[in-house]
Amino acid sequence: MLAYRPATASPMSDRHATSYYRATANPYAPYAPLQGSTDARVVVVGGGFAGLNTALGLAERGLRDVVLLEREQIGHGASGRNGGFVFAGYSLGEQALLDQLGQDRARELFQRTIDGVHRIRQRIIDYAIACDAVDEGVIWANWFRDPRPLRARQQLLAERYGAHWDWLPEARLRERIHSTRYHDGLFERDALHLHPLNYAIGLAQAATAHGVRIHEHSGVRRLRREGGRWLVQTAAGEVRAEQVVLACGGYLAGLERQIDQAILPIATYVMVTEPLGARLPECLSTRAAVYDTRFAFDYYRPLPDTRLLWGGRISIRDRAPRAVQRLLHRDLLRVFPQLKDVRIDYAWSGLMSYARHQMPQIGGRDDGLWWAQAFGGHGLSSTCAAGELLAAAIAQGDDAWRQFADYGLASTYRPLGFLAAQASYWRAEFQDWFKTRLEA
Ligand SMILES: Cc1cc2nc3c(=O)[nH]c(=O)nc-3n(C[C@H](O)[C@H](O)[C@H](O)COP(=O)(O)OP(=O)(O)OC[C@H]3O[C@@H](n4cnc5c(N)ncnc54)[C@H](O)[C@@H]3O)c2cc1C
């Protein structure tokens, strides 16, 4: 039996060393830890995509006096461990977004993530970020026989959001994905996939080139007001700043109770096979990334050296690499039994941050404290959107961030909230299992 371990980022649960991304990270001169006392206009806490996009957005707007503090290394959290899918949307579904905000506001928020996808593409070009970007779209493959949910989503996206996903009939889907597991699918052309850790490292380099001062191994231990400014303290240094942005995702900053309590860190898992060589085309004849239509879907994509990166599952439990590998290998064989003897070279887990409302929490207070968190499993494009909103707010006084005002810092009631989340995951997984059995 696996021991129960809640999904928090204690050093014991850190399996970072086993990540394929870390093993293939572009080398860079490490950023020195913060030492001594300094001043800044803005301190950004957290070196994931939310923090990096905010810092870069500020620097691109001409703000020179920005310090970014990261507890471990750039991309240590979800940003350096994820599936690498860059696509539009939020964890909250498009229909729910419409129901909650109405046509115009829902479309405005959705458009921010489409813009995020475009900005990511552009930044890769502008800053020459070597991150194995494959701009060949994402396939949403139907696990079930019933095509109606796909038709309905395709129509909703086109009519209400102006996003056009192509229909893939079963035969065409199977030309691309050589598995009898799926039926038909949708193809989101305006999407890409990339090596997320190298993208994060590239963003950090772009930010420093614009004058941002980055410090790794500089966990913020204390945050308080002093003399009308913020005092941000690490083990070996401190920064006095007018504004502070907390962007710590599921790796909990532990600095402001209300902000920390507003999210649940939820684990998801990834593994990478050995290079498959000629066996890869036995599985995939596409360079698109793929995920399926279940609640806890598999997500996977081919890597440049013919490995397959495979992810899946969501849980309140952080698991050790061997357990991740066991679980995901079983999942892989359900889709590609032809990979029966494949060796798994890497396995790891990561923590996403979820709010109860399943939308990002992007906001600020009059005293100069800002936050950007709860990006869930759709964090590439939405952290890019958040970085732009906060940078425009801080540098230019733009109040477009208030578009997210409906999605506030409601408490998740941890640790009880973990149990409620796990119960709802099990319910959704059971429904998927039941539907699969019925169809079989
Ligand atoms: C396995 C996995 C697969 C995923 N797949 C995808 C995908 O394919 N596509 C997609 O769009 N999204 C995906 N996501 C979600 C996406 O990765 C996240 O939503 C996004 O990276 C969140 O970025 P962030 O900056 O908010 O948090 P993080 O990347 O977690 O960064 C937070 C950082 O804050 C630091 N920190 C915490 N406390 C402190 C402190 N006190 N002082 C200093 N630093 C601190 C942490 O060390 C960490 O580096 C996935 C997530 C996971 C875990």
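All of the numbers you see were taken from the coordinates with simple rules; none came from a lab. All values reported here derive from a predicted model rather than from experimental measurement. Cβ coordinates were reconstructed from backbone atoms using ideal geometry, including for glycine residues, and neighbour counts include every protein chain displayed.
In table form, for the structure just shown:
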{"item": "Some residue of the range 91-107 being farther than 28 Å from ASP305 by Cα, small (Gly, Ala, Ser), under 19 Å from the mean Cα position of the chain (by Cα) and surrounded by 15 or more Cβ atoms within 10 Å (Cβ to Cβ)", "result": "yes"}
{"item": "Positions within the range 51-91 being more than 7 Å from the ligand (Cβ to nearest atom), part of a helix (DSSP H, G or I) and farther than 30 Å from LEU186 by Cβ, in sequence order", "result": "LEU52, THR54, ALA55, LEU56, GLY57, LEU58, ALA59, GLU60"}
{"item": "Answer residue from the range 15-44, given it is part of a loop (DSSP other than H, G, I, E, B) and polar (S, T, N, Q) and is farthest from GLN233 (Cα to Cα) among those", "result": "THR24"}
{"item": "Positions within the range 92-116 being assigned to a helix (DSSP H, G or I) and among the hydrophobic types (A, V, I, L, M, F, W, C), in sequence order", "result": "ALA96, LEU97, LEU98, LEU101, ALA106, LEU109, PHE110, ILE114"}
{"item": "Residues located in the range 295-313, provided they are assigned to a loop (DSSP other than H, G, I, E, B) and within 20 Å of GLY350 (Cβ to Cβ)", "result": "PHE295, ALA296, PHE297, ASP298, LEU303, ARG307"}
{"item": "Filtered residue count, the range 361-380, keeping only those that are under 16 Å from GLN261 (Cβ atoms) and not in a strand (DSSP E or B)", "result": "2"}
{"item": "Only listed residue being under 21 Å from the mean Cα position of the chain (by Cα) and part of a helix (DSSP H, G or I), chosen from LEU333, LEU438, LEU389, LEU419", "result": "LEU389"}
{"item": "Selection count, the range 216-237, where residues are surrounded by 19 or more Cβ atoms within 10 Å (Cβ to Cβ) and touching a Gly at 6+ places or on another chain (Cβ under 8 Å)", "result": "4"}
{"item": "Yes/no for ARG119 being in a helix (DSSP H, G or I), over 17 Å from the mean Cα position of the chain (by Cα) and in contact (Cβ under 8 Å) with a residue 40 or more places away in the chain", "result": "no"}
{"item": "Condition met for ILE139 (touching a residue at least 60 places away in the same chain (Cβ under 8 Å), closer than 23 Å to SER382 by Cβ, within 16 Å of the ligand (Cβ to nearest atom) and crowded, with 21+ Cβ neighbours inside 10 Å)", "result": "yes"}
{"item": "Identity of the residue in the range 310-326, charged (D, E, K, R) and free of Cβ contacts under 8 Å to residues at least 60 places away in the same chain, that ends up nearest to LYS340 (Cα to Cα)", "result": "ARG326"}
{"item": "Members of the range 273-315 that are surrounded by fewer than 23 Cβ atoms within 10 Å (Cβ to Cβ), β-branched (Val, Ile, Thr) and more than 10 Å from the ligand (Cβ to nearest atom)", "result": "THR286, THR293, THR306"}
{"item": "Residue within the range 314-324 that is under 16 Å from the mean Cα position of the chain (by Cα) and either charged (D, E, K, R) or not in a helix (DSSP H, G or I) (or both) present", "result": "yes"}
{"item": "Verdict on ARG224 being closer than 20 Å to GLU60 by Cβ, of a type in the set (D, E, K, R) and more than 11 Å from the ligand (Cβ to nearest atom)", "result": "no"}
{"item": "GLY250 being small (Gly, Ala, Ser), near the ligand (Cβ under 9 Å from one of its atoms) and under 30 Å from GLY36 (Cα atoms)", "result": "yes"}
{"item": "Meets criteria (surrounded by fewer than 20 Cβ atoms within 10 Å (Cβ to Cβ), assigned to a helix (DSSP H, G or I) and either of a type in the set (Ser, Thr, Tyr) or in contact with an Asp or Glu (Cβ under 7 Å, 6 or more places away or on another chain) (or both)) for LEU156", "result": "yes"}
{"item": "Residue pairs meeting the criteria (Cβ under 6 Å; at least 6 apart or on separate chains; first more than 17 Å from PRO321 (Cβ to Cβ), in the range 72-85; second assigned to a loop (DSSP other than H, G, I, E, B) and more than 6 Å from the ligand (Cβ to nearest atom))", "result": "GLN73/GLU216; GLY84/LEU194"}
{"item": "Elements of type helices (runs of 4 or more DSSP H) in the range 193-292, at least 2 residues being closer than 20 Å to ILE362 by Cα and among the polar types (S, T, N, Q)", "result": "257-261"}
{"item": "Residue satisfying all of: in the range 168-192; within 26 Å of the chain's Cα centre (by Cα) and over 22 Å from ARG334 (Cβ atoms); surrounded by the fewest Cβ atoms within 10 Å (Cβ to Cβ) among these", "result": "ARG189"}
{"item": "Test result for GLN258, more than 9 Å from the ligand (Cβ to nearest atom), buried (at least 21 other Cβ atoms within 10 Å of the Cβ), in contact (Cβ under 8 Å) with a residue 40 or more places away in the chain and more than 20 Å from the chain's Cα centre (by Cα)", "result": "no"}
